[in-house]
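**Q** I am attaching a structure below and will ask some questions about it afterwards.
The values are calculated or read from the model by the stated rules, or taken from the named source; none is laboratory data. These figures come from a predicted structure and were not determined experimentally. For neighbour counting, all protein chains shown are included, and Cβ atoms are generated from backbone atoms with ideal geometry for every residue, glycine included.
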Amino acid sequence: PALCLIQKENGYISESDMEYLSGIFNLPEARIFSAASFYSMLNLKPGGRYHIQVCTNVPCSILEKETLFDYISKKLSITGGESSPDGLFSLEAVECLGACGSAPAMMINADHYENLDFNKVDAIIDSIRKHENSAEK
């Protein structure tokens, strides 16, 4: 829970955050880092306001000739581990989101999206952009 709370507050977990937790819980920093780096929903570096995690396991990769990850990467003009220039999106390839029965799947922050195709991805990303643009006005 502590790692999740830090990420919720800061958007990611920094080295100084892990040092702090190490002291509080009297655990080696390596153990804190091990836990933080194991879970794909935890970020160890700053990312976009909307962190997109795309499953790249076999069930999620059998969409069309182009994988969902590649499609999103082209749509946002970023590669894995990068953030969009406006800071709105970051993209990460992950091994499994536990949705093999309803693949392909992705997560945006804590929201799961399943049974995706390119049209659904477009609608989701366009909806986020529209929401963000209206919030700026």
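**Q** Restricted to region 102-137, and to residues that are without any contact (Cβ under 8 Å) to a residue 12 or more places away in the chain and within 20 Å of SER40 (Cβ to Cβ), which residue is farthest from the chain's Cα centre (by Cα)? Reasoning before the result, please.
**A** Pass one, region 102-137, residues without any contact (Cβ under 8 Å) to a residue 12 or more places away in the chain: 111, 113, 119-120, 123, 126-127, 130-131, 133-137.
Applying the additional criterion that residues be within 20 Å of SER40 (Cβ to Cβ) yields 111, 113.
Numbers: ASP111: 10, TYR113: 12 Å.
Among those residues, the one meeting the criterion is TYR113.
**Q** Next question. Determine whether GLU92 is closer than 20 Å to ALA110 by Cβ, in the same structural domain as SER127 (by TED's automatic domain parsing) and among the charged types (D, E, K, R).
**A** Values: closer than 20 Å to ALA110 by Cβ: yes; in the same structural domain as SER127 (by TED's automatic domain parsing): yes; among the charged types (D, E, K, R): yes.
So GLU92 passes the test.
Conditions tested, residue by residue: (1) out of contact with any Lys or Arg (no Cβ under 8 Å at 6 or more places or on another chain); (2) hydroxyl-bearing (Ser, Thr, Tyr); (3) assigned by TED's automatic domain parsing to the domain that holds GLU132; (4) modelled with pLDDT of 85 or more.
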position: GLU9; (1), (2), (3), (4): yes, no, no, yes
position: ALA30; (1), (2), (3), (4): yes, no, no, yes
position: LYS45; (1), (2), (3), (4): yes, no, no, no
position: PHE69; (1), (2), (3), (4): yes, no, yes, yes
position: SER73; (1), (2), (3), (4): yes, yes, yes, yes
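**Q** Has region 51-62 got any residue that is assigned to a loop (DSSP other than H, G, I, E, B) and surrounded by 13 or more Cβ atoms within 10 Å (Cβ to Cβ)? Steps first, answer last, please.
**A** In the first step, residues of region 51-62 are kept if they are assigned to a loop (DSSP other than H, G, I, E, B); the result is 56-57, 62.
The next check asks that each one be surrounded by 13 or more Cβ atoms within 10 Å (Cβ to Cβ); those that pass are 56-57.
Looking for residues that are assigned to a loop (DSSP other than H, G, I, E, B) and surrounded by 13 or more Cβ atoms within 10 Å (Cβ to Cβ), one finds at least one in region 51-62, hence yes.
**Q** Still on this model: Give the residue, chosen from SER61, SER37, SER77, that is more than 22 Å from ALA110 (Cβ to Cβ), among the small types (Gly, Ala, Ser) and at pLDDT 90 or above.
**A** On the way: SER61 fails: at pLDDT 90 or above; SER37 fails: more than 22 Å from ALA110 (Cβ to Cβ).
Criteria check complete, one pass: SER77.
**Q** Assuming MET107 fulfils every condition listed in (1) within 20 Å of GLU132 (Cβ to Cβ); (2) in contact with a helix residue (DSSP H, G or I) (Cβ under 9 Å, 6 or more places away or on another chain); (3) surrounded by 15 or more Cβ atoms within 10 Å (Cβ to Cβ) apart from one, which condition is it?
**A** Of (1) within 20 Å of GLU132 (Cβ to Cβ); (2) in contact with a helix residue (DSSP H, G or I) (Cβ under 9 Å, 6 or more places away or on another chain); (3) surrounded by 15 or more Cβ atoms within 10 Å (Cβ to Cβ), only one is false for MET107: (2).
**Q** Can you tell me which condition THR79 does not meet? The list is (1) surrounded by 15 or more Cβ atoms within 10 Å (Cβ to Cβ); (2) touching a helix residue (DSSP H, G or I) at 6+ places or on another chain (Cβ under 6 Å); (3) of a type outside the set (A, V, I, L, M); (4) in contact (Cβ under 8 Å) with a residue 12 or more places away in the chain, and all the others hold.
**A** Checking THR79 against (1) surrounded by 15 or more Cβ atoms within 10 Å (Cβ to Cβ); (2) touching a helix residue (DSSP H, G or I) at 6+ places or on another chain (Cβ under 6 Å); (3) of a type outside the set (A, V, I, L, M); (4) in contact (Cβ under 8 Å) with a residue 12 or more places away in the chain, the one that fails is (1).
**Q** Quick check, is LEU3 touching a residue at least 40 places away in the same chain (Cβ under 8 Å) and farther than 25 Å from GLU136 by Cα? Steps first, please.
**A** On the way: touching a residue at least 40 places away in the same chain (Cβ under 8 Å): no; farther than 25 Å from GLU136 by Cα: yes.
Taking the combined requirement at face value, the residue does not satisfy it.
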